[in-house]
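Undergrad: The structure follows.
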Amino acid sequence: MDERLPKYFSGELGQSEKNELFNELKTNELLREEFVRIQNACALTHLSKLSKNESEGKRSFQLFLQQVKTKKRQKIVQLTMQYAAAALILIASTFFATQYFLTDTGNNKEINTLVVPAGQRAHLTLQDGTSVWLNAQSTLSYPARFSGKTRRETVSGEAYFDVSANPKKPFIVSTQNMEMKVLGTQFNVYSYPGTGCIKTDLVEGSLMVYSKQSPKVSVTLKPNEQIVVKDGNMLVGEMQNSDYFLWKDGIYSFENERLLDIIEKLQLYYDVKIIVKDPEIFNVRYTGKFRQRDGIDEILRIIQKIQKFNVQKDIENNIITITK
């Protein structure tokens with residue numbers, strides 16, 4: 001490992017050294033891959049310069065980088081909590097363990113799979129400079145190096161992409177039975193298994209959406225358009241709530257949504273089963289924003305101020321029951 005990398009990520013590299021490193025990253029592909037690999041791992045843990053235990057955090061961060069170096073050739077690298085000292089705070093401000101899988105596909109191409117647990121989120125930068133945000137209970141599989149004619153990733157759950165433009169190498173996102181092809185754009189994909197639908201919102205650029213079974217039948221989205229794929233049908237309409245994408249920053253935003261739809265999302269985000277005994281509660285519409293880190297108990301407590309209901313928790317079976 002280049003000795004400048006741990007210094008850079010722990011904030012110990014001087015400005016002139018940073019400039020030298022960045023210039024070398026433009027031409028040194030191996031160094032760039034190593035930089036992105038560590039950066040992606042650091043997406044799960046941030047080094048807080050304001051922490052009271054900064055020295056302890058830096059020491060643990062160095063141990064973490066050494067672990068990455070010594071286990072570089074292993075098939076599985078597991079990021080555990082032993083390196084999360086007081087100065088290492090997680091993206092969602094709570095601690096979690098995430099597995100970072102490195103799988104050999106047999107043709108010298110590493111496929112990385114990042115899994116985000118319930119109640120958390122993650123942000124990483126791909127080898128080509130593309131930024132990806134992952135919501136709770138989401139999985140992203142992507143190559144460590146884009147060596148083919150396309151840049152292809154697979155998503156399960158929800159992800160927001162800010163794609164680095166490269167007309168010679170299209171960016172393709174695969175999810176369930178649909179695919180999205182872009183050259184350079186920003187868009188959000190909602191594709192949790194079991195929800196019965198796939199939603200894609202285009203923020204900037206141009207996006208072509210098509211079925212894996214019928215790639216010639218496609219729909220091209222324009223900015224501020226949304227496509228919903230359900231029961232084999234593709235419906236295009238206007239994007240409803242631009243604040244929805246605040247989930248990237250840990251804010252869940254709902255605008256005139258039925259409580260039924262909010263509850264379905266909360267079940268996905270926090271991996272809990274919610275049972276509503278009185279169906280009339282479902283029809284109430286709600287507008288508001290919640291912080292992800294507050295947790296589902298606090299979110300339900302806030303909603304209770306608008307719509308009166310009782311909450312019963314079965315901690316052992318991870319079930320919440322809502323009654324009037």
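Here is a yes/no grid of residues against (1) surrounded by 13 or more Cβ atoms within 10 Å (Cβ to Cβ); (2) on the phi < 0 side of the Ramachandran plot; (3) among the polar types (S, T, N, Q); (4) in contact with a strand residue (DSSP E or B) (Cβ under 7 Å, 6 or more places away or on another chain):
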site: LEU260; (1), (2), (3), (4): yes, yes, no, no
site: PHE282; (1), (2), (3), (4): yes, yes, no, yes
site: ILE296; (1), (2), (3), (4): yes, yes, no, no
site: GLN312; (1), (2), (3), (4): no, yes, yes, yes
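Undergrad: Let me ask something additional. Here is a check on your reading of the model: is GLU264 under 23 Å from the mean Cα position of the chain (by Cα), closer than 20 Å to THR195 by Cα and either part of a loop (DSSP other than H, G, I, E, B) or outside the structural domain of ALA118 (by TED's automatic domain parsing) (or both)?
TA: Working: under 23 Å from the mean Cα position of the chain (by Cα): yes; closer than 20 Å to THR195 by Cα: yes; either part of a loop (DSSP other than H, G, I, E, B) or outside the structural domain of ALA118 (by TED's automatic domain parsing) (or both): yes.
Criteria met by GLU264.
Undergrad: I'd like to check which strands (runs of 3 or more DSSP E) are fully inside the stretch 138-238 and have at least 1 residues that are of a type in the set (Phe, Trp, Tyr), buried (at least 21 other Cβ atoms within 10 Å of the Cβ) and within 15 Å of the chain's Cα centre (by Cα). Give the steps one after another, and end with the answer.
TA: Working: elements: 138-143, 151-162, 171-175, 178-182, 186-191, 198-204, 207-211, 218-221, 225-230, 233-238.
Correct list: 138-143, 151-162, 186-191.
Undergrad: Another question, then. Which members of the stretch 283-324 meet the condition of being more than 29 Å from the chain's Cα centre (by Cα), outside any strand (DSSP E or B) and farther than 14 Å from ILE263 by Cα?
TA: Listed by number, the residues that qualify are LYS305, ILE306, LYS308, LYS324.
Undergrad: Here are some residues: VAL236, VAL228. Which one is farther than 17 Å from ASP162 by Cα and in contact with a Cys (Cβ under 8 Å, 6 or more places away or on another chain)?
TA: On the way: VAL236 fails: in contact with a Cys (Cβ under 8 Å, 6 or more places away or on another chain).
Sole residue among the options that is farther than 17 Å from ASP162 by Cα and in contact with a Cys (Cβ under 8 Å, 6 or more places away or on another chain): VAL228.
The values are calculated or read from the model by the stated rules, or taken from the named source; none is laboratory data. In this text, all values refer to a predicted model and were calculated from it rather than measured experimentally. Every residue, glycine as well, gets a Cβ built from its backbone with ideal geometry; the counts of neighbours run over all protein chains shown.
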